[in-house]
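The structure's right below; bear with me while I get my questions together.
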Amino acid sequence: MATIDQLWTFLKTVRKKSFTELILCLFLLVLIPTYYFVDVFHILPCMYRLPSGSIWYLTHVLPLTFMVFNLLTNFVAVMYADSSVVGRLLTVSEYTPKGIQYYSEKKEDIMYCTICQCNVPLRCWHCDICNVCILTRDHHCTFSTTCVGHYNRRYFLWFLLYLSAASFYEIILIGYYTYYKVTITFSDFMVLVPFQSIISGFHLTVGQIFVVLLTLNLIAVTMSSLLLIYHLNKVRKGLVCHEKQESNYDFGLMRNLETVFGEKWYITWISPFIKSKLPYNGIDWHSHVDQYKTK
């Protein structure tokens, strides 16, 4: 369970993020529930008159609720699960000021970070945005305002999967509802050109609202699907984004899945609250590789 100290550390970390990142993060946290409430309290009741259409209504609401629950909880877990070296390799409570350049001194494949003031292990990189070294660092996610690394990569991948599935579902549901219930004219598409809307005057119509809803889902399903394919391919090969075609950490498909999703990788899709112990600590990759090679 999360402790008060962990929560306080998380809040201090969020406070240091850029304004743009916080806006994007809040945009997602508001947009996802908005879609859910529009579906549950407007679109579905219009499509299936209650109580006569209760069964069909529930066949939509139950899986939709499951997807939205996993979307939000996995997204928050990405932000909250700490993959940094703080508390693992650092003994100081605050980072040294930015502006001190980061460099490495190779000594038996050990690097030293002058900002974090500690030796950092293999596959650990310093993030200039988070201003800390991240264990098994994959990349910095702007929307979650944090780095994806050893302990939160699982949540990031499930978030992408559910975002792809939910966006695809929304395209079908909203598209069907729009086709039968909403009249969309060519002028409604002008809402996608903000400059034109400012010149001609902004008069929001129902058609424009659904054009925006469909467009946002088309963007979301395209981006999330492409990202999911890219990252799953990396997982399959035992790599992170910074690594190209190295085979040092390719332990086979099943072990690679366990490295990211944990020992119970096959049920982690149900909820981020399911505990799934990772086989490695993200620090001593030398012994992990040697242990695999001796098998």
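The values are calculated or read from the model by the stated rules, or taken from the named source; none is laboratory data. Small disclaimer: the values here were computed from a predicted structure and weren't measured. No Cβ is skipped: glycine too gets one built from the backbone with ideal geometry, and neighbour counts run over all protein chains shown. Quick note on the areas: whole protein, heavy atoms, side chains included, nothing else; ligands and nucleic acids left out. Shrake-Rupley method; radii C 1.70, N 1.55, O 1.52, S 1.80 Å.
With the requirement that a residue be open to solvent by 40 Å² or more (accessible area, probe 1.4 Å), hydrophobic (A, V, I, L, M, F, W, C) and more than 24 Å from Ile270 (Cβ to Cβ), what does region 17-30 give you?
Within region 17-30, Phe19, Leu22, Ile23, Leu24, Leu26, Phe27, Val30 meet the criteria.
Which residues, taken from region 49-64, are open to solvent by less than 50 Å² (accessible area, probe 1.4 Å) and without any contact (Cβ under 8 Å) to a residue 40 or more places away in the chain?
If the condition is that a residue be open to solvent by less than 50 Å² (accessible area, probe 1.4 Å) and without any contact (Cβ under 8 Å) to a residue 40 or more places away in the chain, then Gly53, Ser54, Tyr57, Val61 are the ones that fit.
Which condition breaks for Phe159 when tested against (1) buried (at least 19 other Cβ atoms within 10 Å of the Cβ); (2) over 12 Å from the mean Cα position of the chain (by Cα); (3) under 30 Å from Val86 (Cβ atoms)?
For Phe159, the exception is condition (2).
Answer yes or no: is there a residue in region 216-226 that is surrounded by 20 or more Cβ atoms within 10 Å (Cβ to Cβ), in a helix (DSSP H, G or I) and hydroxyl-bearing (Ser, Thr, Tyr).
Yes: region 216-226 contains one or more residues that are surrounded by 20 or more Cβ atoms within 10 Å (Cβ to Cβ), in a helix (DSSP H, G or I) and hydroxyl-bearing (Ser, Thr, Tyr).
Does Ser225 fit the bill of being in contact with a helix residue (DSSP H, G or I) (Cβ under 8 Å, 6 or more places away or on another chain) and of a type outside the set (Val, Ile, Thr)?
Yes: the conditions hold for Ser225.
So, one more: Take Arg123 and tell me if it is basic (Lys, Arg) and modelled with pLDDT of 90 or more.
No; evaluated as a whole, the condition is false for this residue.
While we're looking at this one, here's another question. Please enumerate the residues belonging to region 163-173 that are surrounded by fewer than 24 Cβ atoms within 10 Å (Cβ to Cβ) and not hydrophobic (A, V, I, L, M, F, W, C).
Matches in region 163-173: Ser164, Ser167, Tyr169.
May I pose another question? For region 234-261, enumerate the residues that are surrounded by fewer than 16 Cβ atoms within 10 Å (Cβ to Cβ) and closer than 13 Å to Asp138 by Cα.
Cys241, His242, Glu243, Lys244
Follow-up. Has region 118-129 got any residue that is assigned to a helix (DSSP H, G or I) and open to solvent by 10 Å² or more (accessible area, probe 1.4 Å)?
Checked region 118-129: no residue is assigned to a helix (DSSP H, G or I) and open to solvent by 10 Å² or more (accessible area, probe 1.4 Å).
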